[in-house]
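Trainee: Here's a structure for you.
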Amino acid sequence: MNDLYIILTASLVSASCALLGCFLILRRMAMVGDAISHAVLPGIVIAFLLSGSRDSVTMLIGAGIIGMFTTFLIEFFHKKARLQTDASIGVTFTWLFAIGVVLISLFAGKVDLDQDCVLYGEIAYVPLDVIITQGGINIGPKALYVSGIILIVNLLFVSLAYRKLFLTTFDPYFATAIGISTTVWHYALMGAVSMTTVASFESVGAILVVALLIAPAATAYLLTDNFKTMLALACLMGVLSSITGYYLAVWLDGSIAGAIATMSGVHFALAMLLSPSHGMIYKKLKTHIH
Amino acid sequence: MNALWEFLSFSDPNIRYVALGSVLLTASSAIVGSFTFLNKKSLVGDAIAHAVLPGICLGFLMAGTKNPLALIAGAFITGWISVILVEYITNKTRIKEDTAIGLILSVFFGIGILMLTVIQKGGNASQSGLDHFLFGKAASLVGSDLITFSIVAITLLVVVFILFKEFSLLAFDKDYARSIGLPVKWIELSLTSLIVLAVVIGIQAVGVVLMAAILITPAAAARFWTDKITVMFLLASIFGAISGLSGAFISYTAPAMPTGPWIVIVISTLAFISFFFAPSRGVIGRYIRQARIRKTINDENVLKIIYQLGEENKNFFIPRLTDEIIRKRFYEKAALVKILKRLTRQGYVERTRNLWGLTEEGKNRAQRIVKIHRLWELYLTTHMHIAPDHVHEDAETIEHLLTPELEEQLEQLLGYPKVDPHQSKIPYADN
């Protein structure tokens, strides 16, 4: 049963990340996603200190704000101080992450977080933290419900705002021309990324969530030219990485999150070689025949 | 305070080691990182920093101990592989560079974490301390470690010193470097090797995740103070050294504190100060300069309007109502009065109750603006062959910017013409 809980939680988290990751990589904002996932750390610690628990709504809202603040800061340094984009991203997220780590050490007694958890989460402990109803019935781990709700929120966000997100991603000028604000949807997407990162934090940590955001989406991008298919495939890839990653970790007796990231990389490598439309081998064969 | 003096006196040999080590690490990373910054490859540095983690684990597994050479060798291999993979994925598939960097960074880090946890559970007693690479611990630098890393740092500095000209040329103009026959591929190869080396030793101080900061943040900060590359490198290394020294001090006074994040906070603070307060490129300096230019332009435009009203009446000194000025060119009344008051203070305008008239100085300044405007319109039509109905906008800008030297050249080039393309008279100061 514990195996199933862990795999289910991981799958829900990766599906959420994969959905948003598709938009990130097509908007060439993969590294902004990376930056946000690092930068929410101080937000998590502060929310933890204020509310005293890890799974509060305060934390999700706080994270959303910090995520948008990060996005704003990156753009501020780029536009107002004329710092090149790559440096602007690098300076911003390392600063916020450093503050987060220092806060953790300062309040080590009060915050139930350690540095390892920050890096790769504690998904192995997910089955231990269960919800027990008033009748005394164990209805399963809390993290499972949190990640489930986040997935539903993300699915709603993507499906309700699909046309707007699609247009601002692929043709921002046209979107602006017909009155869709690219800025609003830009920040909405970044807010969603921040909330998902925080919700995934407990399971996979702040750094490995980047692998879940980028790798499944990049794999799907090599397998199809249709955007809706890409979204579905990315979710599928996320789930596949979660399952195979879990068994790899059990086999080697290592970090589950690390193994999931490893497997998502393996899947990307396979897609790069074997994809029927964009794979290396297919391209080689095609040039060979001609 | 006592702790600070004790630290700065370097009386404890242990402090000497740690301080010297940290300064060497951060300063050499800052110097190599400046090239990453100038090449706009900051995030590649981040990718390398994450990618050395599996290499360090590999080195440990091969050697069985934390032999610094084995760790460096392992880190060097995976660091290099990550650079090659990012380039390969970007060039050979339709994946863009940012995605490739993010992918390689997170997957390599995941592999590293997997290996690290497997090693930790493997029961090898000598593995403890391997996780210092994650967040860095300058305080753990002692004896043999320090010697190894100092040698690497000095090697880095020497190579940068020898190849400084080549690296700079590559960062600014790769095509030119190629055209004069420099071995561009080899220079790039050695630069990447230097970055990998810098990362390998730098993560001792700040750890994998924050390595990108000590590579690029000093350079980003230094860039705001100067346009000279040598000065920039000097500043970057000083900023790096300051942050390294502060890190060593913090790990001396509070051993439980993670050193790396403090080093990054110090260097980031220096960078933010630079972003905002650097005189010529900083946000505030730029803002003040823009505000000043905006004021000058507003002042000169209002003077010009009163002058043009004067042209219609053949008398420049008739006092005007604000409404007359607004009719010619729209201003918010309050804003206009503010400008007029400023001009009065400067002695260009004289106020009599609600009427505003030019003084002699005001008339002269306005006349010069109008003259330049019309000369420029003429210049654009005669010398640049632009249609007369297209030249006004451009002249509207240049009239505030032209220096007296250029003004004179323009007059001589055009031969002191009488009228502009719209048959308006060009006013000269002497008549």
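Trainee: Is one or more of the residues making up segment A:55-67 buried (at least 24 other Cβ atoms within 10 Å of the Cβ), modelled with pLDDT of 90 or more and within 17 Å of A:ALA206 (Cβ to Cβ)?
Mentor: No, every residue in segment A:55-67 fails to be buried (at least 24 other Cβ atoms within 10 Å of the Cβ), modelled with pLDDT of 90 or more and within 17 Å of A:ALA206 (Cβ to Cβ).
Here's the yes/no breakdown for (1) modelled with pLDDT under 90; (2) β-branched (Val, Ile, Thr):
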| site | (1), (2) |
| --- | --- |
| A:LEU167 | no, no |
| A:PHE174 | no, no |
| A:THR182 | yes, yes |
| A:MET195 | yes, no |
| A:VAL198 | yes, yes |
| A:VAL204 | yes, yes |
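Trainee: If we scan segment A:90-101, do we find a residue that is under 25 Å from B:LEU134 (Cβ atoms), among the hydrophobic types (A, V, I, L, M, F, W, C) and surrounded by fewer than 19 Cβ atoms within 10 Å (Cβ to Cβ)? Working first, answer last.
Mentor: Restricting attention to segment A:90-101, the residues satisfying the condition of being under 25 Å from B:LEU134 (Cβ atoms) are A:90-101.
Next, from what is left, pick out any that are among the hydrophobic types (A, V, I, L, M, F, W, C): A:91, A:93, A:95-99, A:101.
Applying the additional criterion that residues be surrounded by fewer than 19 Cβ atoms within 10 Å (Cβ to Cβ) yields none.
Looking for residues that are under 25 Å from B:LEU134 (Cβ atoms), among the hydrophobic types (A, V, I, L, M, F, W, C) and surrounded by fewer than 19 Cβ atoms within 10 Å (Cβ to Cβ), one finds none in segment A:90-101, hence no.
Trainee: Within segment A:71-119, how many residues turn out to be closer than 17 Å to B:VAL206 by Cα and facing chain B (nearest Cβ under 7 Å)?
Mentor: Going through segment A:71-119 one residue at a time, the tally reaches 12.
Trainee: Residues to consider are A:ALA188, A:ALA199; find the one that is within 30 Å of A:LEU96 (Cα to Cα), more than 9 Å from chain B (Cβ to nearest Cβ) and within 11 Å of the chain's Cα centre (by Cα).
Mentor: On the way: A:ALA188 fails: within 11 Å of the chain's Cα centre (by Cα).
One residue alone meets the criteria, A:ALA199.
Trainee: Return the pairs, sorted by first residue and then second, in which the second residue is modelled with pLDDT of 90 or more and among the charged types (D, E, K, R), the first residue lies in segment B:392-414 and is assigned by TED's automatic domain parsing to the domain that holds B:TRP376 and surrounded by 11 or more Cβ atoms within 10 Å (Cβ to Cβ), the beta carbons are less than 7 Å apart, and the residues are 6+ apart or on different chains.
Mentor: Pairs found: B:HIS392/B:GLU377; B:ALA395/B:GLU377; B:HIS400/B:GLU300.
Trainee: Identify, by number, the condition in (1) farther than 21 Å from B:LYS41 by Cα; (2) more than 9 Å from chain B (Cβ to nearest Cβ); (3) over 18 Å from the mean Cα position of the chain (by Cα); (4) aliphatic (A, V, I, L, M) that A:ILE61 doesn't meet.
Mentor: (3)
Trainee: Restricting attention to segment B:239-272, and to residues there that are free of Cβ contacts under 8 Å to residues at least 40 places away in the same chain and part of a helix (DSSP H, G or I), which single residue is farthest from the other protein chains (Cβ to nearest Cβ)?
Mentor: Restricting attention to segment B:239-272, the residues satisfying the condition of being free of Cβ contacts under 8 Å to residues at least 40 places away in the same chain are B:242, B:246, B:250, B:254, B:256-257, B:262, B:265-266, B:269, B:272.
Retained after the next criterion (residues that are part of a helix (DSSP H, G or I)): B:242, B:246, B:250, B:262, B:265-266, B:269, B:272.
Working: B:ILE242: 16, B:SER246: 13, B:ILE250: 10, B:TRP262: 7, B:ILE265: 5, B:VAL266: 9, B:THR269: 9, B:PHE272: 8 Å.
Among those residues, the one meeting the criterion is B:ILE242.
Trainee: Find the residue count for segment A:76-101, including only residues that are without any contact (Cβ under 8 Å) to a residue 12 or more places away in the chain and out of contact with any Ser or Thr (no Cβ under 6 Å at 6 or more places or on another chain).
Mentor: 9
Trainee: Hey, another quick one. Among (1) buried (at least 18 other Cβ atoms within 10 Å of the Cβ); (2) closer than 30 Å to A:LEU223 by Cβ; (3) within 14 Å of chain A (Cβ to nearest Cβ), which single condition is B:CYS57 missing?
Mentor: Here B:CYS57 meets the rest and fails (2).
Trainee: Hey, another quick one. Report yes if some residue within segment A:223-230 is within 14 Å of another protein chain (Cβ to nearest Cβ), of a type in the set (D, E, K, R) and in contact (Cβ under 8 Å) with a residue 12 or more places away in the chain; otherwise report no.
Mentor: Yes.
Trainee: So, B:ILE214, is that one in contact with a Gly (Cβ under 8 Å, 6 or more places away or on another chain) and either modelled with pLDDT under 90 or closer than 19 Å to B:PHE149 by Cα (or both) or not? So that I can check it myself, show each step before the final result.
Mentor: Details: in contact with a Gly (Cβ under 8 Å, 6 or more places away or on another chain): yes; either modelled with pLDDT under 90 or closer than 19 Å to B:PHE149 by Cα (or both): yes.
In short, yes.
Trainee: Still on this structure: A:PRO276 is checked against (1) touching a Phe, Trp or Tyr at 6+ places or on another chain (Cβ under 7 Å); (2) closer than 22 Å to B:ASP98 by Cα; (3) surrounded by fewer than 24 Cβ atoms within 10 Å (Cβ to Cβ) and fails just one. What number does that condition carry?
Mentor: (2)
Trainee: Let me ask something else about it. Considering only residues of segment A:197-214 that are over 23 Å from A:LEU236 (Cβ atoms) and among the aliphatic types (A, V, I, L, M), which is surrounded by the fewest Cβ atoms within 10 Å (Cβ to Cβ)?
Mentor: A:ALA206
Trainee: Then there is this: How many residues are more than 19 Å from the chain's Cα centre (by Cα) and of a type in the set (Phe, Trp, Tyr) when one looks only at segment B:191-245?
Mentor: 0
Trainee: Out of B:ILE288, B:ILE305, which single residue is hydrophobic (A, V, I, L, M, F, W, C), part of a helix (DSSP H, G or I) and surrounded by fewer than 13 Cβ atoms within 10 Å (Cβ to Cβ)? Let's see the steps before the verdict.
Mentor: Working: B:ILE305 fails: surrounded by fewer than 13 Cβ atoms within 10 Å (Cβ to Cβ).
Matching residue, one of B:ILE288, B:ILE305: B:ILE288.
Trainee: Here's a follow-up. Can we say B:LEU25 is in contact with a Phe, Trp or Tyr (Cβ under 7 Å, 6 or more places away or on another chain), under 19 Å from B:ALA271 (Cα atoms) and at pLDDT below 90?
Mentor: On the way: in contact with a Phe, Trp or Tyr (Cβ under 7 Å, 6 or more places away or on another chain): yes; under 19 Å from B:ALA271 (Cα atoms): yes; at pLDDT below 90: yes.
So B:LEU25 fits the description; yes.
The values are calculated or read from the model by the stated rules, or taken from the named source; none is laboratory data. Note that the structure is a prediction, hence the values are computed from the model and not measured. Virtual Cβ from ideal backbone geometry, glycine too; neighbours counted across all protein chains shown.
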